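See below for the structure under consideration.
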Amino acid sequence: MNLEAYKGVFVFAQQVDNVISGIAFELIGKGKELAKDLGTEVTAVLVGSDVKGLADSLAEYGADKVIVVDDPELKEYRTEPYTHALASVIDEFKPEIFLIGATAIGRDLGPRVCARIHTGLTADCTQLDIGDFPLNPVPGKEQKHNQLLMTRPAFGGNTIATIACPDFRPQMATVRPGVMQKAPKVEGAKANVVEYNPGFTKNNKYVEIMEVVKAVTDTVDIMDAKILVSGGRGVGSPENFKILDDLAAAIGGTVSCSRAVVDAGWKPKDLQVGQTGKTVRPNVYFAIGISGAIQHLAGMEESDIIVAINKDDTAPIFDVADYGIVGDLNKVVPLLTEKIKEAVAASK
């Protein structure tokens, strides 16, 4: 493989129902940082049907170029045509780095694309950097420069692995939503659009979508919440989450939870924060009855302010908390709720 032929940072700009997913803008933001280190550009790859009109929004968040693959066969996500689209883009344009969001679609699409083009994939990354590999020189082994260093939790989150793909291109990674940050939006930016269609011929790998049933929910996406009131096993019971609901209502927040709560069946998976849940960056994060296992911290440690309430003064959550209260949450939380209500009433 001629590695020198591969240039640029490419990002899969996921869209569903002609609405671009937030992870696309996050990846463009990170892609800009990587591209700056490599002295190259960021290209967004937009795949779908009648999606060309979305290209400018990708430019507003920093995409230097947008490759649009537009075909009726791409209206709804299906594994085979989308895999063919991305693999063809990679064969044609030869990116050095290709990033995909670790969404339900990305986790299905990424491995299939990398297998088709014969390269590696690091899944569920939480950090991306440009650097040397091996990280430290090894006698008798060449240390390669300007490699994509892909970092992800391993062994259930008990250790962190940094992985590289020095011998094949592109270097591919799926990235957890919420981990990277969007670049500042530039209103009115116009995309440099390149239209490309490799042609789509149905085969026995094309599934037929008989019906699309959309789930209707009034649950707020915790990744968008500015204030999260998160409960863990220490809350004690699903009924006891009522005191967290009251606190969230008083402060204008949203209730979330740890994996132990989801595993116990107290709350739905959509509300889970952590390595196997969602990564959040609220302005304020209340960790109530949460011990602070590394798997949970991975999903919330970038919060602006962390307030921990736990009766165990040795709980690891206090190591990352900005404010900590050691005490019985059944007494502390209702009292805190009342004080907040009083403060809100006094301000009116």
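Of 37, 167, the sequence from fewest to most neighbouring Cβ atoms within 10 angstrom is 167, 37.
Normalise the Cα radius of gyration of the stretch 179-329 by 2.2 N^0.38 Å (N = residues in it) and let me know the number.
Ratio of Rg to 2.2 N^0.38 Å for the stretch 179-329: 1.36.
Taking a point 7 Å from the Cα of residue 201 along the Cα-to-Cβ direction, the residues of the stretch 77-91 with backbone N closer than 16 Å to it are 81, 84-85, 88.
Of the listed pairs 52/185; 278/341; 32/214, which have alpha-carbon separations greater than 27 Å here?
Details: 52/185 19 Å; 278/341 29 Å; 32/214 34 Å.
Violating the 27 Å Cα-Cα cut-off are 278/341; 32/214.
Among DSSP beta bridges whose residues both lie in the chain, state the antiparallel percentage, nearest 5. All intermediate terms of the calculation are to be shown ahead of the outcome.
Details: 14 of 59 bridges.
Percent antiparallel among DSSP bridges in the chain is about 25.
By the equivalent-ellipsoid construction on the alpha carbon gyration tensor, the stretch 3-195 comes out with semi-axes of 27, 18, 16 Å, ordered largest to smallest. Legend: ranking of residues 159, 43 from fewest to most surrounding C-beta atoms inside 10 Å; resulting order 159, 43.
Taken about its Cα centre, the stretch 222-347 carries a charge dipole of about 260 debye when Lys and Arg each add +1 at the Cβ and Asp and Glu each add -1 at the Cβ.
Each of 210, 150, 1, 223 has some number of other Cβ atoms within 10 Å of its Cβ, and from fewest to most they run 210, 1, 223, 150.
Expressed as a rounded percentage, what relative contact order does the chain have, with Cα pairs under 8 Å and six or more residues apart? Let's see the in-between values first.
Numbers: 736 pairs, mean separation 50.3, N = 348.
Over the chain, the number comes to 14 percent.
Rounded to the nearest whole angstrom, the semi-axes of the ellipsoid equivalent to the chain, taken from the Cα gyration tensor as √(5λ), stand at 40, 24, 19, largest first.
Pairs of Cα atoms nearer than 8 Å and 6+ residues apart set the relative contact order; for the stretch 43-129 it is 23 percent.
For the stretch 98-177, the calculated P(r), taken from all Cα-Cα distances in 5 Å bins from zero up to the bin holding the longest distance, is 3, 16, 23, 23, 19, 10, 4, 1, 0 percent.
Laboratory data are not the source of any read-out in this text; all were calculated from the coordinates shown. Remember, predicted model here, so these are calculated numbers, not experimental data. A quick note on method: Cβ atoms are made from the backbone with ideal geometry, for glycine too, and the neighbour counts reach across all protein chains shown.
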